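Beneath this line is the structure, given in structure tokens, with notes to follow.
The values are calculated or read from the model by the stated rules, or taken from the named source; none is laboratory data. These numbers come from a predicted model, not from an experiment. Cβ placement follows ideal geometry from the backbone for every residue including glycine, while neighbour counts extend to all protein chains displayed. Side chains are part of the model used for accessible areas, which takes the heavy atoms of the whole protein and leaves out ligands, DNA and RNA. Shrake-Rupley method; radii C 1.70, N 1.55, O 1.52, S 1.80 Å.
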Amino acid sequence: MHGMRPGSSVRREFFRKSPSNGHPAFEKQADEELTTMEEMPEELENRAQALLANGEEIKVAISTDLQFDGTYGKDWVIATDKRLIAFNQNSTPQHQLREISLSSVEAVEIVEMHGNNILKVRMPENAVEVARYSRRVSPKFDLATPELATLVSEANPNAEQEAPHRPQGSGKNKDKCETCGHPIPRWSGVCVNCVEKRKLIFRLIRYAYPFWHVAAPALALMMLIRFVSLYPTYLSKEVVDNVLVPAERAVVGATVTQTGAEIPPPTWGHLSGIVDGIAEWMTLPVAGSWGHLVTLILLMVGFNFFTMSASAVRGYMMAWVGQNITRRLRNETYEHLNALSLDFYNDRDTGNLMSRITEDVARLRDFIANGLQDLIGDSLTLIFICALMFNENWRLALWTLIPLPCLIFFTIFFGQKMSKVFSVLWKRYADISSILASTIPGVRVVKAFARERYEINRFSEQTYQVFQGEMNAAKLWTLYRPIMEFIIFSGSILIWLVGGSQIFGGALTLGQLMMFHGLMGRFFRPVYTLCQMNERFIRAATSADRVFEIMDTPPSVADRKEAVELSNIRGAVEFKDVYFSYDTEKNALNGISFGAEPGEMIGLVGHSGAGKSTLINLITRFYDPNEGTIKIDGHDTQQVKLKALRQQIGVVLQDPFLFQGSIADNIGYSKPGASRHEIIAAAKAANAHNFIVKFPDGYDTMVGERGTRVSGGERQRISIARAILKNPRILILDEATSSVDTETESNIQEALERLVRGRTVFAIAHRLSTLKYADRLVVLKNGKIDEIGTHEELLAKEGTYASLCEKQTELSKIRAW
Amino acid sequence: MQEAMQITDEVQFLDASKVKVTRSAFEELIVKLPDGETHTSVEAVRTFPLTDSNKYIALLDSEGEELGIIQDIKQLSRNSEKVLASELQKRYFMPKITKIHALEGQFGVTRWDVETNRGPVQFGLRTRYDVVTLDSGRVFIKDADGNRYEIENYHRLDATSFALLETQM
């Protein structure tokens, strides 16, 4: 080989690490155990130990997954209470150990970069980068850095005391499976690799169990139906062999020889006794050919009638079972969904969750009610058919089964092709919808920039994609049908050929030949459904997993066992060293400590992303802090029952949500059973009464998605009325006036002024004028409290708040012109 | 620390026994309030027209400003009650459907042929969302022209009407 780049040898080494058997690309990457004391390779350990003084002990040893040149590999960071050793195998000329005395270190830092981080040690004169690692191992380094910082501060009292603080165990990484490290598809939220199909199916069957008193008889009925439905085929043999053929012979014989040919005494096969009995009872001539024929035909009709009516009954029973399962699954899922905390909703989009409760549950119903029954029923049918065939003539039966492997092969083959084609097609249809969903609401933009032609072309391109997909599907379909028909045809050819020759040899009767034909025709459907079973199985398992994922997720914010009630609080709120992060990457709150007196109004100020909304989310316990406590009247909120806590808190949000229902329902939402008097009073207090009365239906006006259109300011005032009616001790106003015009704002301001009286209030506002009644202002910056104090104090300080104020005054001047 | 607001203090109902409602020669309402002030061309508005038609009646002056709310028209004197009740009867026209003869159409656009307490009527609906059902069994219907109809309790309709209505719910 020539021209090999120097880096490629390293890369090859990386690949060699994966096991050569199986799929190296999908190697299981179970989470490494989070430890700051990893086991070092012997050689490294020896070299490190050689550097240490007597009695010096290794406190931290962690490995990276990157080297400094950016190739994958393991570097090490080792620390004792005296020194830090960086092992950097990438540096030339040989693997190098760098030693840094801890007493010279001032700070240990993590430098967060794009896709990888660097651990840096800062000294008075310079700084050394000691490790480079990807995000995969960053939890380990987050854990180790404070430990390193502790070691540093012990060795060097002058060092910076504040270690980079990262909360642990916050947020879950839902992009990758926790058990196998396989990426999880965004739409599903379930690791396809880890779905334990069998377990899930058993769990599903448990949902059918409460309805077994209907399901079991339905199953029994189905077995009976499958058995009985084959009988007419068997009877046809009797008709041919014992009625028609003898009769024909008799007629032909009579015309040819003019002598009475002997008619063999009728045999009735298995049903001899019954048929004789019925014939006798109907006073039909038993031995007479005509009566015999009619009786057999009547039997066929009877069996058929039984099969049909029993199928109808069974269908109804199974529908009952299936719908009951659906209802139970849906209700249970929805109930649990309501118990789940906000972080669960943040990770998933609404459509995804909705489809779990509607589509996935329906798919499960289909699987339990139809799929499992089909499995049993079709297997039984195949067994019955084989049994009948082999019982009649095992040689011919063997011949008949020859096309079966072909049938199975092609069904599975086409099934797999088909599901691929259809999933592509499904995606293309989804793309069409997404084009429509983005251009129809955005039509003003499209027209304003005269981009209609562009959008039309884009759409046309997509419809062409769908056309191609559909044609691929059609190609398969049109090919599939003839092939299947040919295979079945070849089966019947074989029956004609082999059966015919057997008739020549006298080993087979004409009736048996007919029966084989009939049975062959019934062979196809069960084979087809059984071949599809695996795919149905997998789909059901995936659906089950999606549904059960909801049910199995424990709410991250839940009542503790020892949680206490909370009644008649005064409304003192205290934050103490609160740290919080939505994900593991960035802290939204970085050590917040402050207290609000009962009845005090706190204005929260800061740039977007400063942590204002997060602070509020923690008061309402939409999330729990990773570290630190929030106390209400001295009770840790985490030790208080959620319901009791939220009963004390009222919220007015930026974009208020109105439920489907009347205005009165929406105001009364916060206080079930509120009287009309209270509702009108709350609406009056919220400055909402006047516009409500002007609606033709007054308080009975339907609002929500399908109801009367209510403007933003009106919605806001309804939601303020909702909060007023609840009469909470702690009130949260999250940008309550930002989305309305100035006049409405003053209307709402007036309502708010009344609302905040005597309550502890936390108010977020971009327009600082909204906060003019605030007793104190908390200015947040990067999740920390930057400034705190009254409006005047902060202005005097000439800090962040003062400059914010200045900018807004300038803006409002411009607006006033 | 200030006490939090007492919510019911936020609305003062009129002392209905001291309110006098009469009708002027212009067929408009004249209201004399407890404080003796008299207002002409007063508008009476049901705040809960669908769910509580004779309670919480708001009285608006000719400018649309609210004079006050009467909690229950029964609290008024006999004569005033009569005047106000007849005015409300006139203002709010919502026939009660007693029987559905025919209901046909698709995609939510339907034609109804019904019997009401005000006589037989035929009307059309634009969407199925114009049929609103309350838990109590009451049904409100708004037709394409904006007229309103109600069914007091659809469970008490005859079987044919019920079957027809069910297709719309």
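How high is the FRET efficiency from A:S103 to A:D577, r the C-beta distance, R0 25 Å, rounded to 0.05? Plugging the Cβ-Cβ distance into 1/(1 + (r/R0)^6) gives 0.25.
To the nearest whole number, what is the average tally of beta carbon atoms from other chains within 10 Å of the beta carbons of peptide B:9-16?
Values: counts 2, 12, 10, 2, 3, 0, 0, 0.
Mean partner shielding for this stretch: 4.
Evaluating 6.51 cos²θ - 1.76 cosθ + 1.60 at θ = phi - 60° for every residue in the range A:39-50, the Karplus couplings come out as 7, 8, x, 4, 4, 5, 4, 4, 5, 5, 4, 4 Hz, glycine and proline recorded as x.
Ordering B:S24, A:S613 by accessible surface, largest first, gives A:S613, B:S24; the 1.4 Å probe counts only protein heavy atoms, with every chain in place. Along the range A:773-786 the Karplus relation, 6.51 cos²θ - 1.76 cosθ + 1.60 evaluated at θ = phi - 60°, assigns HN-Hα couplings of 8, 5, 6, 9, 10, 10, 9, 9, 8, 6, x, 10, 7, 8 Hz to successive residues, with x for each Gly and Pro. When Rg and Dmax are taken over the Cα atoms of the range B:97-166, they come to 10.9, 29 Å.
Converting phi to 3J(HN,Hα) with the Karplus coefficients 6.51, -1.76 and 1.60 and the offset θ = phi - 60°, the range B:145-152 yields 8, x, 6, 10, 9, 9, 10, 5 Hz in sequence order, with x at every glycine or proline. Size descriptors for the range A:489-560: radius of gyration and Dmax over Cα atoms are 25.7, 85 Å. Accessible-area rank, largest first, for A:W212, A:W290, A:W399: A:W290, A:W212, A:W399, with all protein chains present and a 1.4 angstrom probe. Give the calculated FRET efficiency between A:D552 and A:S379 to the nearest 0.05, with a Förster radius of 25 Å applied to their Cβ-Cβ distance. Once the sixth-power term is evaluated, E becomes 0.20. Rg/Rh for chain B (Cα atoms only, Rh after Kirkwood) is 1.09. What's the angle, to the nearest 10 degrees (0 to 90), between helix B:78-91's Cα axis and the longest principal axis of chain B? Approximately 40 degrees, to the nearest 10.
For the protein assembly as shown, the Stokes-Einstein estimate of translational diffusion at 37 °C and a viscosity of 0.692 mPa s comes to 88 µm²/s, using the Kirkwood hydrodynamic radius over alpha-carbon pairs. In this simple spin-label approximation, A:N346 and B:R118 carry label points 7 Å from Cα along the Cα→Cβ vector, and these lie 5.5 nm apart. For the protein assembly as shown, the fraction of 1.4 Å probe accessible surface lying on carbon and sulfur atoms is 55 percent. Taking amide H atoms as placed 1.01 Å from N in the peptide plane, the amide H of A:T708 lies under 5 Å from those of A:M702, A:V703, each 5 or more residues away in sequence or on another chain.
Let's test the formula: R0 of 56 Å, r as the Cβ-Cβ distance of A:E42 and A:A312. What FRET efficiency results, to the nearest 0.05? Walk me through the numbers before you get to the answer.
Working: r = 76 Å, r/R0 = 1.36.
So, using R0 = 56 Å, E works out to roughly 0.15.
Among residues other than B:E66 with Cβ under 13 Å from its Cβ, the summed charge is -2 (Lys and Arg +1, Asp and Glu -1). Taking every Cα-Cα distance in the range A:311-398 and sorting them into 5 Å bins from zero, the calculated P(r) comes out as 3, 12, 15, 14, 11, 10, 9, 8, 6, 5, 4, 3, 2, 0 percent. The three principal axes of the Cα atoms in the range B:7-91 give end-to-end lengths of 40, 29, 26 Å, sorted in falling order. Seen from A:A50, the other residues with C-beta closer than 12 Å to its C-beta sum to a net charge of -3, counting Lys and Arg as +1 and Asp and Glu as -1.
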